[in-house]
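For reference, the structure is listed below as structure tokens.
The values are calculated or read from the model by the stated rules, or taken from the named source; none is laboratory data. On a predicted model such as this, the values are computed, not experimentally measured, just so you know. Methodologically, a virtual Cβ is constructed for each residue, glycine included, from the backbone with ideal geometry; neighbour enumeration extends over all protein chains shown.
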Amino acid sequence: MAPTSVQRPRSADPRGQYRVGIIGGGQLARMMHQAAISLGVDVRLLADAPDESAAQVMGDVQIGSHLDHDAVLAFGRDCDVVTFDHEHVPTDFLREMEAEGIAVRPGAEALVHAQDKAVMRARAAADGQPCPAWEICGGPEKLVAFGNRHGWPVIAKTSRGGYDGKGVWKVNGPDEVAEPFDAMGGLADGDQPIQILAEEFVDFTRELSAIVVRSPSGQAVAYPVSETIQRDGICVETTTPAPGMSDERQCEIQQMALDIAGRLGVVGVMAVELMERADGSVVINELAMRPHNTGHWTIHGSRTSQFANHIRAVLDLPLGDPSLTAPVVVMDNVLGGSVQDLTGALQHCFARDRSLHVELYGKQVRPGRKVGHVTCLGSDVADVQRRARDAAGYLMGRDNA
């Protein structure tokens, strides 16, 4: 098991508060901050710009790039523990912080498996975890050979830097293999090498997400497994628990995710994204080691949200109850559409569904951009999905009345 970071002494805060540093100023940091307020935890932010989602609402904000070595190290030295809104901080920076005794959670040895898909695939295969056929391809001819062996189409991914469908290509045949390699010329991830990872095309019936949380002392909890709907690489909806899944199968997938977190020495939230085949078997798609879009439903749909449990975990506080607050919970993302005044549009949404929950991220609306999410609770899957889709659709400019 990979070692966890060494906990530093508490900072000399006259209020007796712990200081958690978050690198990255997106909506995940914004929602972590909300969770930390009720715990009396002081949160400090390193954001790229003052108008980022979390930077708009936090009082202690340092503006600097996560790719700036000196800015990252200086930020970490003034925190009790450092955690992340994204996985894009160069691995070498994390190792240097740990060498100085800064508590980095998750630590570099764990986080690299979310940062680098090639490292993740190699470790998962070595641990006997279910994976699609895969191979590192050093050039187009290697990708052609992989496709000829495993069948077309194949999936090509950049090993680092991709997210929300970026850095992922469905390659239908040998005449399309050049595109991923041509695109690599414009990619960078600090000083880390970027490779092309080829994977077999999995003809899945649905996608799933298993979210777990683990503390430095080894305590861990698992949330119910969710069914997710992805479009163009972006999660648009989650339904929890995954419809039609037996309690026994839920437990098996949760145990697999807990086993991965334990083997890798994860501290904090980890999401395991899975593809389910027609026979019910699953393969791992990707790992994320931070609060995750597929877990936003937990804010209102579980007794302890993924954000609250992440803050508890990085401070090694006892973890909270992940159980459901309703039989069915559906979360739909709000992607930028024709509606600019999202708060004004809530007059219609709340009048129509008084039990609707909405989180808006303070972002300027741009086409396809994640600007918020809605959550609905109930007992009937079809009804709860309809309510969530109606609300999200209205906020995106598609009036489903």
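Here is how the numbers come out for the structure above:
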item: Subset of the range 217-244 that is in contact with a Ser or Thr (Cβ under 8 Å, 6 or more places away or on another chain) and in a loop (DSSP other than H, G, I, E, B) - its residue that is nearest to S379 (Cα to Cα); result: P241
item: Criterion (touching a helix residue (DSSP H, G or I) at 6+ places or on another chain (Cβ under 9 Å) and at positive phi) met by exactly one of G268, G233; result: G268
item: Filtered residue count, the range 374-392, keeping only those that are out of contact with any His (no Cβ under 7 Å at 6 or more places or on another chain) and polar (S, T, N, Q); result: 2
item: Some residue of the range 348-358 being closer than 20 Å to R231 by Cβ and either exposed (fewer than 14 other Cβ atoms within 10 Å of the Cβ) or of a type in the set (D, E, K, R) (or both); result: no
item: Residue match in the range 361-374 (condition: of a type in the set (K, R), more than 25 Å from D85 (Cβ to Cβ) and either in contact (Cβ under 8 Å) with a residue 60 or more places away in the chain or not assigned by TED's automatic domain parsing to the domain that holds A103 (or both)); result: no
item: Residue within the range 312-334 that is more than 19 Å from R398 (Cα to Cα), in contact with an Asp or Glu (Cβ under 9 Å, 6 or more places away or on another chain) and in a loop (DSSP other than H, G, I, E, B) present; result: yes
item: Selection status of G280, under 18 Å from R105 (Cβ atoms) and not polar (S, T, N, Q); result: no
item: Test: residue in the range 308-317 that is modelled with pLDDT of 95 or more and touching a Lys or Arg at 6+ places or on another chain (Cβ under 6 Å); result: yes
item: Wholly within the range 42-160, helices (runs of 4 or more DSSP H) carrying at least 2 residues that are surrounded by fewer than 17 Cβ atoms within 10 Å (Cβ to Cβ) and of a type in the set (A, V, I, L, M, F, W, C); result: 69-77, 117-126
item: In the range 191-233, residue surrounded by the fewest Cβ atoms within 10 Å (Cβ to Cβ) [restricted to those that are free of Cβ contacts under 8 Å to residues at least 60 places away in the same chain, β-branched (V, I, T) and under 30 Å from I311 (Cβ atoms)]; result: I229
item: Residues of the range 276-298 satisfying the condition of being surrounded by 20 or more Cβ atoms within 10 Å (Cβ to Cβ) and among the hydrophobic types (A, V, I, L, M, F, W, C); result: V282, I284, L287, A288, M289, W297
item: Positions within the range 224-241 being over 14 Å from the mean Cα position of the chain (by Cα) and modelled with pLDDT under 95, in sequence order; result: R231, D232
item: Residues (in contact with a Leu (Cβ under 9 Å, 6 or more places away or on another chain), assigned to a strand (DSSP E or B) and of a type outside the set (S, T, Y)) located in the range 360-387; result: L360, K370, V371, G372, H373, V374, C376, L377
item: Test: residue in the range 31-40 that is at pLDDT below 95 and either in the same structural domain as G167 (by TED's automatic domain parsing) or within 27 Å of G262 (Cα to Cα) (or both); result: yes
item: Qualifying positions in the range 70-97 - in contact with a helix residue (DSSP H, G or I) (Cβ under 6 Å, 6 or more places away or on another chain) and farther than 16 Å from L315 by Cβ; result: V72, D85, E87, T91, F93, L94, R95, M97
